[in-house]
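Q: Questions regarding the structure given below will be posed in turn.
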Amino acid sequence: MAEPLIVLVHGAFAESAGWNGVIERLAQYGLPVLAVANPLRSLAGDAGYLRDAIAGLARPVMLVGHSYGGMVITQAATGNPAVKALVYVAGFAPEPGESAAQLALTFPGSTLGSTLTSTPLADGSTDQSIEPARFAHQFAADVNPDAAALMAATQRPITERALGDALDAPIAAWRTIPNWFVWGSADRNIPAAASRYMAQRARARELREIDGASHAVAVSQPGPVSEVIREAAAHI
């Protein structure tokens, strides 16, 4: 059997380049990796796109999801024998019926809602993005200011629908697939208490909380994040 490919899935208000530091380190470990684009349109559609991408690879994979990307990897992994492990990087790990919007408010501390700006779309949906002037403080407080400004300018919006879509599965994939979690203690999008709760609920193989790290933990702390991914890869 081929070595599992590590597939990285970004979340809302981000894009694939946010994984660059992680990719560089995984390459140093000799681990095969691919960062895919997440459409951020609807959970069913985004997960369907990821399932198609996995099928096209024709090899086993390990899925790594950041933020809303955790919703997507959970949905895409349902009933998918190609998926051998799941890693949640400040990511949502829902039960059936739970949405990203719901999980973000399970514990107090998220200040994301007050930073969002809405853009109505022609199809009747609404895009949400973080106000550029507030992006660094909200999303990437521990990232170099110039890099955070670039992230704000290149952020990809997500629809209100996607944030409100609930996991549609008979059982959460993390209940049957080995999983690992890593998050920051200073996350202003998903409170650390929520990440801790989801990791404990999933009986994660590892629960790593990085002191002082923001929601952009893969950008600010690519070393520790890569270590968790590397550990997961070593166990599958």
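Q: Once you've got the GNM for the chain with C-alpha springs shorter than 10 Å, pick whichever of Gly109, Gly30, Gly164 has the biggest mean-square fluctuation.
A: Comparing Gly109, Gly30, Gly164 in the GNM, the peak value goes to Gly30.
Q: List the relative contact order of the range 76-203 as a percent without decimals, with contacts defined as Cα pairs under 8 Å and 6+ residues apart.
A: Details: 175 pairs, mean separation 54.6, N = 128.
It rounds to 43 percent for the range 76-203.
Q: As an exercise, identify the GluC sites (Glu not before Pro) in the range 153-236 lying in DSSP coil whose Cβ has no more than 16 other Cβ atoms within 10 Å. Walk me through the numbers before you get to the answer.
A: Numbers: sites: Glu160, Glu206, Glu209, Glu227, Glu231; in loops: Glu206.
When the GluC sites (Glu not before Pro) of the range 153-236 are filtered for loop state and at most 16 Cβ neighbours within 10 Å, Glu206 remain.
Q: Please compute the per residue accessible area over the range 167-236 with all protein chains in place, 1.4 Å probe, rounded to a whole number of Å². Each step should come with its number before you reach the end.
A: On the way: 2830 Å² over 70 residues.
Computed with neighbouring chains in place, this is 40 Å² per residue.
Q: Would you look at the GNM of the chain, springs on alpha carbons closer than 10 Å, and say which of Pro145, Pro32, Pro120 moves the most?
A: Evaluated over the chain, the most mobile residue of the options is Pro120.
Q: Another question about this same structure. At 1.4 Å probe size, with no ligands or nucleic acids counted, give the accessible surface of Phe139 in Å², nearest ten.
A: 0 Å²
Q: Restricting to DSSP H runs of at least four residues, report the calculated mean residue ellipticity at 222 nm for the chain, -39500 (n - 2.57) per run over all residues, nearest 500 deg cm²/dmol. Provide the component values of the computation, followed by the final result.
A: Working: 10 runs with 89 residues, N = 236.
Computed mean residue ellipticity for the chain: -10500 deg cm²/dmol.
Q: Per residue, how large is the accessible surface of the range 104-166? Use a 1.4 angstrom probe and give square angstrom.
A: On the way: 3470 Å² over 63 residues.
Value returned for the range 104-166: 55 Å² of accessible area per residue.
Q: Can you give the relative contact order of the range 161-213 as a percent, counting alpha carbon pairs under 8 Å and 6+ residues apart? Could the numbers behind the result be given before it?
A: Numbers: 53 pairs, mean separation 22.5, N = 53.
Over the range 161-213, the number comes to 43 percent.
Q: Pop a pseudo-label 7 angstrom from the Cα along the beta-carbon direction at both Glu3 and Leu150 and give the gap in nm to one decimal.
A: Between Glu3 and Leu150, the label points sit 2.8 nm apart.
Q: Hey, any idea what % of the range 1-137's accessible area is carbon plus sulfur with a 1.4 Å probe? Write out the running numbers ahead of the final one.
A: Details: 3060 of 5380 Å².
C and S fraction of accessible area: 57 percent.
The values are calculated or read from the model by the stated rules, or taken from the named source; none is laboratory data. In this text the structure is predicted, and so the values were computed from the model without any measurement. Ideal geometry is used to build each Cβ from the backbone, glycine not excepted, and the neighbour counts take in all protein chains shown. Note: accessible area is taken over every heavy atom of the protein model, side chains too, but ligands, DNA and RNA are not part of it. Shrake-Rupley method; radii C 1.70, N 1.55, O 1.52, S 1.80 Å.
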